[in-house]
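Q: Here's a structure for you.
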Amino acid sequence: MTKYIFITGGVVSGLGKGIAAASIGLILKSRGLKVVNQKFDPYLNIDPGTMNPFQHGEVFVTDDGAETDLDLGHYERFTDATLSQSSNTTSGRVYMTVLQREREGGYNGGTVQVIPNITEEILRRMLLSTKETNADVIITEIGGTIGDIESLPFVEAIRQIKYQVGEENCCYIHLTLVPYMNKAHEIKTKPTQHSVKELQELGIQPNILMLRCDVPVDQTTREKLALFCNVDSDCVIQNTTARSIYEVPLQLEKEHLGDAVCKVLGLQTPPTELTEWSKMVDVFHNPKDRVKIALVGKYVDLHDAYLSVVESLIHGGIANELGVDLDWVDAEDLKDDESTKARLKDADGIIVPGGFGSRGIEGMIQAAKYCRENKVPYFGICLGMQIIVIEYARHVLGWADAHSTEMNKETTHPVIDLMPDQNGKILGGTLRLGKFECAVAPGTLTEKAYGSSTIWERHRHRYEFNNKYREDLKKAGLVISGVNPERDLVEVVEVPENPWMVGGQFHPEFKSRPNKAGPLFRDFIKAAYDNRK
Ligand code: GLN
C-alpha cells in the first residue's frame, strides 16, 4: 500500500519547503523505503522551460527531458531518485489537459468546472507516480502558500485524496514561519495558528507541524501550538536555520521527524540511518583547504539561476575535501583588455555555465581566452562549451568572426549552429532535452573523469557543434573527447594547451550528488586546487 505525504507552506513563501520535502525523502529512504518526491505548482505556465531565469531560477531537467522546477533538483540530490515528466505539474498543464479534453468533446456536453474537473485532473496526476514507480511513499509538495487563491484547487485535491487512498495512508505536513522578535526575545506563534486555521477551514487537519525559526523553539511554545492546532506534541517539529541545506535532514532527524511520519502513516521500518550523509556534511563544513572559483555568467544577480551548478561545485569540493568560494562575475564586465585579467586573476578555476541569448557572450569568450592563454582550469557547460569552440576558432584558427548562429546569423564561420533537421521549427520544439549517450575518447580528461567509455548526461540546448568545422578545429589542436554515437554530435571538447580545460554540451550538474560528485565537477575542482598550489 502506497503512503502519501503532502507538504504545504504557511505564513510566507521561501521557507525551504523544497528542502524539507527532500529531507523527508532522504530520511524515509534511509529507513529502507522507496520514496518519490513530486511538486505541484499553482502557476499557469505549462512548465518553467520558457520562464526567465531571473524570475524563476534554474530550470531543472530530468532524464526523460522534463523541464521542471528547481526543487526537483533538491529532491534528486537528497534522495538520489531519478524523477520524470510526472514529477512536476503546474496549473497550466492541468488546465491545458482539461481544456483540450473539453474541445474534443470529452465531457459529453457537461459543464466543465474547477470542482470537480480541475481537481479530478490534479488527483489523476498526483497518483501517476504511484503507478509509474511502485514507491512506498510519495511525497507531494504544493507550491505557494496556504491562502493563495491560485493554490485552492490543489489544496482541495489533497483533501479529497484521502477518500481515494484512505486517510490512514495520508500524512499532512504544514511548514510555517515562527518569527523571533529580537527586541522582545520572543517567539511568535500567532501566524502559525492562523495559517493552520486557514488550512482547517479548507478541510485539512495537519498531522505534523514544521516550524521554521531562527532560534530553537522551546517546549512550552511547542505544547501551546500542539494544543491550539490539534497536533500531537511529538509531531511539532522545529526546523531551525541550518548552516547549510545538507544539514537540514540531520537537524530534522534530531527532532525525530522520521518517527513522527512513520507513526502517522503506520509504517514499521528500521530506524533512520544517516551516517554516510552526516560524514559528508562534516567534510563540507570542515574542509581541509579552500579553492576559489569564478562563475562567469549573465544571470549572476540571481544565484538560483545556477542552483545545480553551484551545488555541483560544492559536491566537487566535498569529493576533494575542499571548500569552494564562489566569485560571481557578470560576463558583461569582461572586456577585451587588461581589465579581464585583473578581474579574474584571483580565481583558481573558472566556470562558464549554460545560458541563452547574446548578452554577455563576448565577456565569456574573454574568460575562455584568458584561461587558455594562462593555463587556468576552465569548465564550460553547454553554452560554456560552445564558448570554448568559438574562442578556439577565433584566436587559434584566426577566424575572427567565428560565432554561434544563435548570436550572429551572418558569421562566415558558424562553428556552432542548428542542425539541418532543426531549421524552420518553432523555438519550443527544437531543444535537445533529457539524457543522451556519449561515447568517450580514450586517453582524454573526460575518460579519466568518468572512468568509462560510455556516459549518459542530460541536455537542454538548441545549437550544436558544427561538424563542418570539426576537422579544421581538430587539426588546430582542439580535442573532441565525447561524441553522441547516434547522431555524431560533438558532446565534449578539451583544450590540450591547458592542463584542464573541458567543455560539455550536456549539463552534468543535473546528475551530481553531494555524496557522488559529477566526475567533471570533481576533477575541475581538483585541477583548480592544483593550479592554486
Ligand atoms: N544557448 C545555447 C543553445 O541553445 C546553450 C544552451 C545552454 O547553455 N543550456 O544551444
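The values are calculated or read from the model by the stated rules, or taken from the named source; none is laboratory data. What you see is a predicted model, and the numbers here were worked out from it, not measured in a lab. Cβ placement follows ideal geometry from the backbone for every residue including glycine, while neighbour counts extend to all protein chains displayed.
Q: Looking at (1) of a type outside the set (Val, Ile, Thr); (2) free of Cβ contacts under 8 Å to residues at least 24 places away in the same chain; (3) within 27 Å of residue 284 (Cα to Cα), which one does residue 322 not meet, given that it meets all the others?
A: Result: residue 322 passes all but (2).
Q: Okay, moving on. Within the stretch 259-296, can you find the residues that are over 30 Å from residue 139 (Cα atoms) and not charged (D, E, K, R)? Give the derivation first.
A: Here is the first cut: in the stretch 259-296, the ones over 30 Å from residue 139 (Cα atoms) are 286-296.
The answer is 286, 287, 291, 293, 294, 295, 296.
Q: Quick one: which of 98, 94, 61 is β-branched (Val, Ile, Thr), buried (at least 18 other Cβ atoms within 10 Å of the Cβ) and in contact with a His (Cβ under 9 Å, 6 or more places away or on another chain)? Let's see the steps before the verdict.
A: Numbers: 98 fails: in contact with a His (Cβ under 9 Å, 6 or more places away or on another chain); 94 fails: in contact with a His (Cβ under 9 Å, 6 or more places away or on another chain).
Result: 61 is the single residue among 98, 94, 61 that is β-branched (Val, Ile, Thr), buried (at least 18 other Cβ atoms within 10 Å of the Cβ) and in contact with a His (Cβ under 9 Å, 6 or more places away or on another chain).
Q: Another question, then. Across the stretch 331-352, what is the total count of residues that are among the hydroxyl-bearing types (Ser, Thr, Tyr) and surrounded by 14 or more Cβ atoms within 10 Å (Cβ to Cβ)? If you could, list the steps in order and put the result at the bottom.
A: First pass over the stretch 331-352, keeping only residues among the hydroxyl-bearing types (Ser, Thr, Tyr): 339-340.
Restricting the remaining residues to those that are surrounded by 14 or more Cβ atoms within 10 Å (Cβ to Cβ) gives 340.
Adding up the residues that qualify gives 1.
Q: A further question on this structure: From (1) buried (at least 24 other Cβ atoms within 10 Å of the Cβ); (2) within 11 Å of the ligand (Cβ to nearest atom), pick out the condition that doesn't hold for residue 361.
A: (1)
Q: Scan the stretch 368-385 for residues that are closer than 16 Å to residue 524 by Cα, within 16 Å of the ligand (Cβ to nearest atom) and not in a strand (DSSP E or B) and report the count.
A: Total meeting the criteria: 4.
Q: Residues that are modelled with pLDDT of 95 or more and not aromatic (Phe, Trp, Tyr): list the helices (runs of 4 or more DSSP H) wholly contained in the stretch 21-122 that include at least 1 such residues. Step through it out loud before you land on a result.
A: Working: elements: 53-56, 71-79, 91-103.
Passing ranges, in order: 71-79, 91-103.
Q: Another question about this same structure. Could you list, in sequence order, the residues of the stretch 465-507 that are within 16 Å of the ligand (Cβ to nearest atom), charged (D, E, K, R) and over 20 Å from residue 520 (Cα atoms)?
A: 487
Q: So which pairs qualify, if the first residue must be in the stretch 451-470 and at pLDDT 95 or above and assigned to a strand (DSSP E or B), the second must be of a type in the set (Val, Ile, Thr) and near the ligand (Cβ under 10 Å from one of its atoms), the Cβ gap must be under 8 Å, and the two must be at least 6 apart or on different chains?
A: 458/61; 459/61; 460/59; 460/61; 464/416; 465/416
Q: Write out, first by first residue and then by second, each pair whose Cβ atoms fall under 9 Å of each other, whose residues are 6+ apart or on separate chains, and whose first residue, in the stretch 209-238, is at positive phi while the second is buried (at least 20 other Cβ atoms within 10 Å of the Cβ).
A: That search, which allows pairs on different chains as well, returns 230/196; 230/206.
Q: Further, regarding this structure: Across the stretch 471-489, what is the number of residues that are closer than 27 Å to residue 530 by Cβ, outside any helix (DSSP H, G or I) and either of a type in the set (Gly, Ala, Ser) or in contact (Cβ under 8 Å) with a residue 40 or more places away in the chain (or both)?
A: Adding up the residues that qualify gives 4.
Q: For a quick check of your reading of the model, give me the residue pairs whose first member lies in the stretch 490-510 and is aromatic (Phe, Trp, Tyr), whose second is at pLDDT 95 or above and away from the ligand (no atom under 15 Å from the Cβ), with beta-carbon atoms closer than 6 Å and at least 6 apart or on different chains.
A: 500/377; 500/527
Q: For the stretch 94-118, name all the residues that are closer than 23 Å to residue 84 by Cβ and either among the polar types (S, T, N, Q) or in contact with a helix residue (DSSP H, G or I) (Cβ under 6 Å, 6 or more places away or on another chain) (or both). Steps first, answer last, please.
A: We begin by selecting, within the stretch 94-118, every residue closer than 23 Å to residue 84 by Cβ; these are 94-98, 100-101, 118.
Of everything in the stretch 94-118, those that are closer than 23 Å to residue 84 by Cβ and either among the polar types (S, T, N, Q) or in contact with a helix residue (DSSP H, G or I) (Cβ under 6 Å, 6 or more places away or on another chain) (or both) turn out to be 94, 97, 98, 100, 118.
Q: What's the number of the condition residue 442 fails, among (1) within 13 Å of the ligand (Cβ to nearest atom); (2) in a loop (DSSP other than H, G, I, E, B); (3) over 27 Å from the mean Cα position of the chain (by Cα)?
A: The number of the failed condition is (1).
Let's see how each residue does on (1) buried (at least 20 other Cβ atoms within 10 Å of the Cβ); (2) polar (S, T, N, Q); (3) over 17 Å from residue 355 (Cα atoms):
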residue	(1), (2), (3)
422	no, yes, yes
446	yes, yes, yes
453	no, yes, yes
501	yes, no, yes
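Q: Still on this structure, please answer the following. Just checking, how many residues over the stretch 226-255 are in contact with a Lys or Arg (Cβ under 7 Å, 6 or more places away or on another chain) and surrounded by 18 or more Cβ atoms within 10 Å (Cβ to Cβ)? Reasoning before the result, please.
A: Of the residues in the stretch 226-255, the ones in contact with a Lys or Arg (Cβ under 7 Å, 6 or more places away or on another chain) are 233, 236, 239.
Right, trim to surrounded by 18 or more Cβ atoms within 10 Å (Cβ to Cβ) and you get 236, 239.
Residues flagged as in contact with a Lys or Arg (Cβ under 7 Å, 6 or more places away or on another chain) and surrounded by 18 or more Cβ atoms within 10 Å (Cβ to Cβ) within the stretch 226-255 amount to 2.
Q: Out of the stretch 30-44, which residues are within 19 Å of residue 250 (Cα to Cα) and surrounded by fewer than 24 Cβ atoms within 10 Å (Cβ to Cβ)? Give the steps one after another, and end with the answer.
A: Going through the stretch 30-44, the residues within 19 Å of residue 250 (Cα to Cα) turn out to be 30-33, 35, 37.
30, 31, 32, 33, listed by residue number.
Q: Tell me which of these residue 458 doesn't satisfy, since it passes every other one: (1) buried (at least 18 other Cβ atoms within 10 Å of the Cβ); (2) away from the ligand (no atom under 15 Å from the Cβ); (3) among the charged types (D, E, K, R).
A: All conditions are met except number (2).
Q: Let me ask something else. I'd like the full set of residues that are in a strand (DSSP E or B) and among the aliphatic types (A, V, I, L, M), limited to the stretch 177-235.
A: Across the stretch 177-235, the qualifying residues are 177, 181, 187, 208, 209, 210, 211.
Q: Working only within the stretch 78-88, note down all residues that are of a type outside the set (A, V, I, L, M) and either buried (at least 24 other Cβ atoms within 10 Å of the Cβ) or touching a Leu at 6+ places or on another chain (Cβ under 7 Å) (or both). Spell out the reasoning first.
A: Pass one, the stretch 78-88, residues of a type outside the set (A, V, I, L, M): 78-80, 82, 84-88.
Correct list: 78, 79, 86, 87, 88.
Q: If you don't mind, another one. Cβ-Cβ under 9 Å, sequence separation 6+ or interchain: first residue in the stretch 383-396 and on the phi < 0 side of the Ramachandran plot, partner of a type in the set (Asp, Glu) and within 11 Å of the ligand (Cβ to nearest atom). Which pairs?
A: 383/406; 386/406; 386/464
Q: Just need a number here: residues in the stretch 161-176 that are part of a helix (DSSP H, G or I), within 31 Å of the chain's Cα centre (by Cα) and not basic (Lys, Arg).
A: Here is the first cut: in the stretch 161-176, the ones part of a helix (DSSP H, G or I) are 161-165, 167-169.
Subset that is within 31 Å of the chain's Cα centre (by Cα): 161-162, 165, 169.
So of that shortlist, the ones also not basic (Lys, Arg) come out as 161, 165, 169.
The qualifying residues number 3.
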